[in-house]
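As structure tokens, the structure follows; a few thoughts come after it.
Just so you know, all these numbers are worked out from the coordinates, no wet-lab data involved. A quick note: this is a predicted structure, and the numbers were derived from the prediction, not measured. Methodologically, a virtual Cβ is constructed for each residue, glycine included, from the backbone with ideal geometry; neighbour enumeration extends over all protein chains shown.
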Amino acid sequence: MQRSYTAIIQQQDGWWIGWIQDIPGVNCQERTRDELLDTLEITLRETIAYNSEEAHRATVGNQYQEVAIQI
């Protein structure tokens, strides 16, 4: 399942800066727009993987369920 996220980007003082509005903490800065978009994608993937691992580590034992919630 593929999901889309929205990146907010802007050029400021010779740098491109941006963040993913849906996921707190995913923000980056690069010299070019293309580099910024690549770095945002990498950081987003890493953050989602890390958050998933943390959620699984927080469960006690093997008795848990994963339930998809769509909004």
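Summarising the amide proton neighbourhood of residue 16: residues at separation of 5 or more, or on other chains, whose placed amide H is nearer than 5 Å comprise 30, 31, 32. The sum of -39500 (n - 2.57) across all DSSP H runs of n ≥ 4, divided by the residue count of the chain, sets its helix-only mean residue ellipticity at 222 nm to -13000 deg cm²/dmol. Across the stretch 7-56, the relative contact order, built from alpha-carbon pairs under 8 Å that are at least six residues apart, equals 26 percent. Which one of 11, 55, 68 has its Cα pushed farthest toward the positive end of the charge dipole of the chain, where Lys and Arg give +1 and Asp and Glu give -1 at the Cβ? So the residue furthest toward the plus end is 68.
Counting only alpha carbon atoms, the long axis of helix 33-58 and the longest principal axis of the chain meet at about 20°. For residue 31 and residue 55, the difference between the fully extended length at 0.36 nm per residue and the C-alpha to C-alpha distance is 5.2 nm. What FRET efficiency do you get for residue 48 and residue 12 if R0 is 30 Å and r is their Cβ-Cβ distance, rounded to the nearest 0.05? With R0 = 30 Å, the Cβ-Cβ based efficiency is 0.70.
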